[in-house]
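Enquirer: Before anything else, here's the structure in question.
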Amino acid sequence: MGAARRIWLATTTGLALLLAGGQARSDGLVPQRLACEWLAEPSGVAARQPRLSWIVEPADREARGARQSAWRVLVASGPGLLVDGAADLWDSGRVESARTAEVAYGGKPLESGQRVWWRVQVWDQDGRPSGWSEPASWTMGLLAAADWRGSWIAAPDAGPLPADPKVLHLPPARHYRKPFATAKPVRRAVLHGTALGLVEWSIDGRRVSEELFQPGWTDYHERVPARTVDVTKLLQDATDVGRVAGSEADTDVPRRHCLGATVADGWYAGYVGYGLLVGYGPHRTGRSIYGKTPAILCQLDVEYADGTRESIVTDTSWRVTDTGPIREADLLMGETYDARRELPGWDTAAFVADEAVWQPVVTAAANGSTRAPFHEPGASREVDVGFAPPRDIVAYTAPPIRVTETLPAKAVDEWRPGVHIFDLGQNFAGVVRLQVEAAAGTPIRLRFGEMRHADGRLMTENLRRARATDTYICRGNGVETWTPRFTYHGFQFVEVTGLPPGPVPLDTVTGLVIQNATPATGRFACSDETLTQFWRNTQWTQRANFIEVPTDCPQRDERLGWMGDAQIYARTATFNADVAAFFTKWIDDVREAQLRDGPDAGAYPDYAPYPFAHGKPGAKFGTAWTDAGVICPWTMWRVYGDEGLVRRHWDSMARFMDWRARRDPDLEGAETGNTWGDWLNVAENTPLAFIDLCSHAQSARMMAEMAAALGRAEEATAYRSRFERIAAAFRRRHVRPDGRLAVDTQTACVLALDTELVADAHAAPVVAQLVSRIERNGCRMATGFLGTKSILPVLTAHGHHDLACRLFQSRQFPSWGFEVEQGANSVWERWDSYTKEHGFDGATGGNNAAMNSFSHYAFGAVMEWAFRDLAGIDALEPGYGRIRIVPRLPAPGSNPDRRPIDWVEADYDGPRGRIESHWRRQDGSVEMRVRVPANTTAEVHVPATAVDAVLESGRPVATAAAPGMRVIGLIDGAVVVEVGSGAYRFATRAVD
Ligand code: BGC
């Protein structure tokens, strides 16, 4: 080679290296997605040292190897102060660290109601600073009980507690009003408010926020969450509605205003769960579980331009009426609205309140006590459903519940004269907006159902005692629109009666999707469209059930935060949405519901909150369900790296483990409690004691891992040794001399392998046993909730990925594909909740139509495997700082029933940013497109038999020049490459 050519080569190679390596450097990092306590712009934060987080992205998304080497946070009392030297609350200074989450605020003490702004600057791997991020803010709530200066107030309520379970008691919503004046120009105004019941605040005729179902559901005797909303603009604006007609100009003072509250029963006083169906609660009515009369508490803190302050609080000067339009308002039963009874302007200062209609309120305590027998399975005790102030008022730590999407109706038909059924095209949870023009007094009745019978009838058997009916009574003056505010339903179809004769436009009803607004994070698609559809179904079903607590189902009279369902699905939930804040709230509910008294003190109950017991008399927990109290915090820690959560719940989890030890001192597996077991298994029952021992072991292992992360070395050792003792006991009791399990069910094998009670070295006989059981069952699962969650991961982990894929792609009953082929657009409680052949009777007949939800996320837990194993996106350490991308391809021809999956695309917006894993098998070769977020390293496993068979962006992987890219070697049929952030395109000849 001539000298000139050598120089040219050297130069171009150098240039290529420079370009590849230089991109991150020249463009730097951009800090973004700023969050406080896992929420964007939260208001009402109670943590005195809130934890901040952000992600970093290279300005050039293609740049490789971008890392954060240091950060600096400024926090100030105004956005204008977020500059060098001016931040009056906190300047962290430059901190050498790659940390981007759980950065605790370390500045001046923050006050109740204070709004603070912050931004962050980071330095990249070469020490180059980024620009400052866009500013973000958070607002503190009222921090101490003493900061609440108002009183709990209520409507006077001397009536008896309804005691007849045969008659639905659905009282009207009440309106509360308090006229007040602002004496001087307003600089800032913040409303802090909460309720026992549901409340919607308004000022001068305008709703204070779009948030629904405030304050949410907790055990109200212990704890009620509050909201803090900046209402400055509402007080400063002289809107048409807010301003007194013909009154002062914008700047004039004093100005008159009115604070309003619309209040309904909600979880506090309304119907909860199956209480009515099975006769629980006061007088067996299933309602007034926490109290008889809703109450409210608020404080509007106004700061004037001259620095003086004033508060408008709930006290006995407020007035209340129950004569308004909302005649019924119950979360389960529905809402009735009589538009003729509207009280125009009732929450404006101009309104003249007729004192005969608007009564003075009383302090909630003044309603006195009301005693009633409270029924639970096999027992009854006397309770007082009079007002009791919650022991604590806390921050709401979940994202708000609100309408997140609008669904236009897809079709309508008149299935009987005057009865129209609208199809919204998707099973979801929420309400409809009704638009109608009819004579005054015309009642329009809306019934909700998930399915229709063969004759077109709305299927309502599975609603059980949830009436799920809304009624609108027309005002009669042109087109009217109405949206209920204190109820929701799980449905796809709406039956409407009472519409005036004539054509019925499709926009008579429009679906409004309601959920906690957890940002979507994942996308999954693969070559088998049926399974792509199944993933969509999990998304819809998650949205329909993540409403205040992870409910089991939204349609029937249940909606309880069932622990078993939540624990098996938690990891899948994290792939579909950012649920860090949602679970933070619910795990507090779980801790609060932990049993305090009796021999089972320390156990976590069947669901949280825990309004009443259910199941066997005296039984309050169930094996594997109770373990959710450990599994859910562990899962959130693994995914989000949230050590604070683990620390907060540590004592509670340790009490739980003490109870588990007390309950089963000889490590035999215990059978006490409720017997949900491997719920909904298909004719293969696994003994409860077996499941219990596995669950105990799993909790012990998780505790050992969390203890180690928290630096609790002794406890880590103790839990590890507990695990070992359980494993030894398990071997003695359940493993036969030939290495197979004495309990011969698919779920038994799955649990033994998944919990590692059968260690890898001894796994082969149990794996063989599992495989043969599946094969003998016609290559079908027989597993219930517990076994189904882990059957595919276990098969994949033990060398039977092709079989796992075959089960995933199966269309036979029971399978995910079967359900989709029967028409599912959501995840069903039973695989055969509906079949084209037998309707609602199940694949083999005999299904109970009442216990047949079409929106039950539990079996959707398979998506954890689809993201982690099939697409191969997994965290190697809590918080996804180190990740692993191991796409697992089923072998060509490995599925006799259909073409094995030959491409997958999975994207996941993880706690450090977007991870992508796309693979495609084509013409004997495999292509992988991988994206790794900044500040992360990934181990990428490229299926290949030799390092030199792998190309990256067209160049041999061994020589491809990318910063931080390193070939580790050939491991288990894959070339393992360690990479930093960036986009990579690997190509290889496939391993067959
Ligand atoms: C729920 C389940 C729950 C179960 C307990 C059912 O009513 O819908 O999902 O886990 O009870 O076995």
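Enquirer: As an exercise, use a Förster radius of 35 Å and the Cβ-Cβ distance of Ala946 and Arg914 to find the FRET efficiency, rounded to the nearest 0.05.
Expert: Calculated value: 0.70.
Enquirer: How much net charge surrounds Trp679 when only the other residues with a Cβ under 13 Å from the Cβ of Trp679 are counted, with Lys and Arg +1 and Asp and Glu -1?
Expert: Net charge around Trp679: -4.
Enquirer: Step by step: find N for region 425-578, compute 2.2 N^0.38 Å, then divide the Cα radius of gyration by it. What's the final number?
Expert: 1.18
Enquirer: What trypsin sites (Lys or Arg not before Pro) does region 771-827 have in DSSP loop regions with at most 16 other beta carbons within 10 Å?
Expert: Taking region 771-827 and a limit of 16 other Cβ atoms within 10 Å, the loop trypsin sites (Lys or Arg not before Pro) found are Arg811.
Enquirer: Tally Lys and Arg at +1 and Asp and Glu at -1 over the other residues with C-beta under 10 Å from the C-beta of Val357: what net charge comes out?
Expert: -2
Enquirer: State in Å² the accessible area per residue of the chain; use a 1.4 Å probe, count heavy atoms of protein chains only, and round to the nearest integer.
Expert: 36
Enquirer: Mind checking the dipole of region 269-348: about its Cα centre, +1 per Lys or Arg Cβ, -1 per Asp or Glu Cβ, Debye to the nearest 20?
Expert: 600
Enquirer: Now a separate question. Which of rounded, prolate, oblate describes region 547-702, given a ≥ b ≥ c as roots of the alpha-carbon gyration tensor eigenvalues and a/c under 1.5 marking rounded, otherwise prolate only if a/b is larger than b/c?
Expert: rounded
Enquirer: Bin all alpha-carbon pair distances of region 332-407 at 5 Å intervals from 0 and give each bin's fraction as a whole percent.
Expert: 3, 8, 8, 9, 13, 19, 20, 12, 6, 2, 0, 0
Enquirer: Also, quick follow-up: Leaving ligands, DNA and RNA out of it, rank Met140, Met851 by accessible area with a 1.4 Å probe, largest first.
Expert: Heavy-atom accessible area, descending, gives Met851, Met140.
Enquirer: To check my understanding: the extent here is largest minus smallest coordinate of the Cα atoms along each principal axis. What are those three numbers for the chain, in Å, largest first?
Expert: 99, 71, 64
Enquirer: Please give the net charge around Ala824, taking every other residue with its beta carbon less than 12 angstrom from that of Ala824, where Lys and Arg add +1 and Asp and Glu add -1.
Expert: -2
Enquirer: For region 504-549 and region 51-102, write down the distance between their C-alpha centroids in whole Å.
Expert: Cα centroid of region 504-549 versus Cα centroid of region 51-102: 35 Å apart.
Enquirer: Calculate log10 I(q)/I(0) of region 921-976 for q = 0.18, 0.29 Å⁻¹, where I(q) comes from the Debye formula with a single equal point scatterer on each Cα and nothing for solvent.
Expert: Scattering profile of region 921-976, log10 relative to I(0): -0.62, -1.45.
Enquirer: Would you work out which of Met140, Val120, Pro79 lies farthest towards the positive end of the dipole of region 40-195? Charges go on Cβ: Lys and Arg +1, Asp and Glu -1.
Expert: Met140
Enquirer: What number, rounded to the nearest 500 deg cm²/dmol, is the helix-based mean residue ellipticity at 222 nm of the chain, given -39500 (n - 2.57) per DSSP H run of at least four residues and division by all its residues?
Expert: Per the formula, -7000 deg cm²/dmol.
Enquirer: Next up: Tell me which GluC sites (Glu not before Pro) from region 694-790 have a DSSP coil assignment and no more than 15 other beta carbons within 10 Å of their own.
Expert: Counting only loop positions with at most 15 other Cβ atoms within 10 Å, the GluC sites (Glu not before Pro) in region 694-790 are Glu756.
Enquirer: Related question: Calculate the length of the line joining the C-alpha centroid of region 734-782 to that of region 916-931, in whole Å.
Expert: Their Cα centres are 33 Å away from one another.
Enquirer: While we're on this one: With labels modelled as points extended 7 Å from the Cα through the Cβ direction, what inter-label distance (nm, one decimal) is found for Ala759 paired with Asp597?
Expert: 4.6
Enquirer: Apply the a/c threshold of 1.5 to the C-alpha gyration tensor of region 714-868 and tell me whether it is rounded, prolate or oblate.
Expert: prolate
Enquirer: Could you order Met706, Met451 by accessible surface area, starting with the largest, using a probe radius of 1.4 Å?
Expert: Sorted descending by solvent-accessible area, the residues read Met451, Met706.
Enquirer: Taking a ≥ b ≥ c as the square roots of the Cα gyration tensor eigenvalues, with a/c under 1.5 meaning rounded and otherwise prolate when a/b beats b/c, else oblate, which class fits region 872-992?
Expert: Since a/c reaches 1.5 but b/c is at least a/b, the shape of region 872-992 is classed as oblate.
Enquirer: Sorted by accessible area (1.4 Å probe), largest first, how do Lys184, Lys166, Lys108 line up?
Expert: Lys166, Lys108, Lys184
Enquirer: Also: What share of all Cα pairs of region 58-178, in percent, falls into each consecutive 5 Å distance bin?
Expert: Whole-percent P(r) values from 0 Å outward: 2, 8, 14, 13, 11, 9, 7, 6, 5, 5, 6, 6, 4, 2, 0.
Enquirer: List the residue ranges in the chain for DSSP H helices whose C-alpha atoms run 18 angstrom or more along the long axis and whose Kyte-Doolittle average is -1.0 or above.
Expert: TM-like helix candidates: 3-27, 563-576, 580-593, 688-709, 763-776, 785-797.
Enquirer: On to the next question. Separation of region 560-632 and region 173-231 by C-alpha centroid, Å?
Expert: Taking the Cα centre of each part, region 560-632 and region 173-231 sit 29 Å apart.
The values are calculated or read from the model by the stated rules, or taken from the named source; none is laboratory data. As the structure is a computational prediction, the values presented were derived from the model and not from experiment. Quick reminder, even Gly has a Cβ in these numbers, built from the backbone with ideal geometry, and neighbours come from all protein chains shown. Just the protein is used for accessible areas: all its heavy atoms, side chains included, with ligands, DNA and RNA removed. Shrake-Rupley method; radii C 1.70, N 1.55, O 1.52, S 1.80 Å.
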